[in-house]
1. When you look at ILE145, is it buried (at least 21 other Cβ atoms within 10 Å of the Cβ), within 21 Å of PHE356 (Cα to Cα) and modelled with pLDDT of 95 or more, yes or no?
2. May I ask you to list the residues in region 306-319 that are in contact (Cβ under 8 Å) with a residue 40 or more places away in the chain and of a type in the set (A, V, I, L, M)?
3. Looking only at helices (runs of 4 or more DSSP H) that fall completely inside region 32-109, which ones have 2 or more residues that are closer than 27 Å to GLY343 by Cβ and at pLDDT below 90?
4. Give all pairs with beta carbons closer than 7 Å in which a residue from region 33-62 that is of a type in the set (A, V, I, L, M, F, W, C) and surrounded by 15 or more Cβ atoms within 10 Å (Cβ to Cβ) meets a residue that is at pLDDT 95 or above and not in a helix (DSSP H, G or I); count only pairs at least 6 apart in sequence or on separate chains.
5. Collect the residues in region 197-211 that are part of a helix (DSSP H, G or I) and crowded, with 24+ Cβ neighbours inside 10 Å, keeping them in residue-number order.
6. Kindly indicate whether VAL154 is farther than 30 Å from ALA110 by Cβ and at pLDDT 95 or above.
7. On the given criteria, is GLY276 of a type outside the set (Val, Ile, Thr), over 27 Å from SER75 (Cα atoms) and part of a loop (DSSP other than H, G, I, E, B)?
8. Among the candidates TRP73, TRP132, single out the residue that is touching a residue at least 12 places away in the same chain (Cβ under 8 Å), surrounded by 13 or more Cβ atoms within 10 Å (Cβ to Cβ) and touching a helix residue (DSSP H, G or I) at 6+ places or on another chain (Cβ under 8 Å).
Amino acid sequence: MTEPSAAVLDAPSATSATSATSAGPRALPRLPASGAVRALGLFAAARLTGMLAVAVTGWLSGRLPLALLGRSWDSRWYLHIAADGYGARTLHFRPGIVYSDLAFFPLYPALIRALHTVLPVSAGACALLLAWTATLAAALGIYRIGEHLHGRAVATFLVVLWGLLPHSVVLSMAYTEPVLTALAAWSLHAVLKGNWMWAGALAALAGLSRPNGFAVAAAVVVTAVFEIVRRRGRVPHRLWTGALLAPAGWVAYVLWVGIRKGDPLGGYFTVQRGWGSTFDLGVGAARFTKKMLLHGDRFVFAMALVIVMTAVLLYALLLLDRAPLALLVYSGVLLLVALGGSGFFESKPRFLLPAFPLLLPLACALARTARARPAHAYLVVGVLAGLSVTYGTYLISYAHMPL
């Protein structure tokens, strides 16, 4: 048997966990076709309905809707960083609890600042514009992954389900989850297509967007190592370069904060401990769950527990479906961070928003149901839409808790 060409080597085989259909010239993502346009239209309708509900409750309670979406909780930290840089805002609470702006990664505030310099609108408006654009880019990337793996019907349901998650209201806010998900979706799509340079570059940017952005780099690196082992090292330089580039963004920011704090390797994690956030293999979360179950607590905490447990079940289904390795690693790391991290229990569902591959088993099931019994599938989507809009409005308008 003859040795495979370089082009073939650059694209994983059909039996690989990253099965690719093409390894041609590296190009920008193609423009959306009719199926993608339809999926994005449904997604936009879901998110606009949620935003309308937030706007109505805001007006009824005397609050500006754009202020609710653009200046709530973490949004204010990003706007402060965009305006004044790092170090301008630190909040001291009880001993050992120090909220430093160094905990927030730099990509989103840098984009806000850059856009604010060229547009004659407020920084808050720029932050929302970036988030909404990133949300649509993420939805398109998610569609492309679903289409590549299972076809248009599954891809459409995958996008719609992502837009109807209980915490999907965050996708309409000035938060970083849309930016991370957009970069993650297109990086993972590049891995599935064998475009390693794009995968690595986008993973590096994802690592600059959020602390859990390293999940994208982990997916790229682990999948690249799998390919190197499978091919016994006979891989093109693009694979090596993409794998080395993938963790660069996350590592660079963590080291920069560490150097600034006088502890290159541990400084960033000291900042996170000041926020009460550590990785303790779930000990803190288990204690909190025990307290909540034994003594009762707020509705948001109970919902967070249900959502996290559902995510664990969905990951098990994703494993049973033998999803591509990159999707398993990416979702697994995000789930591990959510399960193993202590502090901000109510925010765990938000941390899982970028874990869209967890929805693949549900999307496949809905696509099968839609072929056999369309009314049943549409009823499920309708119920999810109602729950999403109602709970999202409650979170931002009435819960008065950090998202």
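1. When the stated conditions are applied, ILE145 passes them.
2. Listed by number, the residues that qualify are ILE307, VAL308, ALA311, LEU314, LEU317, LEU318.
3. 65-70
4. Within 7 Å, the pairs are ALA46/LEU164.
5. Selection gives ALA199, GLY200, LEU202, ALA203, ALA204, ALA206, GLY207.
6. Yes.
7. Here the answer is no, as GLY276 does not meet what is asked.
8. Selected residue: TRP132, the only one of TRP73, TRP132 that is touching a residue at least 12 places away in the same chain (Cβ under 8 Å), surrounded by 13 or more Cβ atoms within 10 Å (Cβ to Cβ) and touching a helix residue (DSSP H, G or I) at 6+ places or on another chain (Cβ under 8 Å).
The values are calculated or read from the model by the stated rules, or taken from the named source; none is laboratory data. Values in this document were obtained by computation on a predicted structure and should not be read as measured data. All Cβ positions, glycine included, derive from the backbone under ideal geometry; neighbour counts span all protein chains shown.
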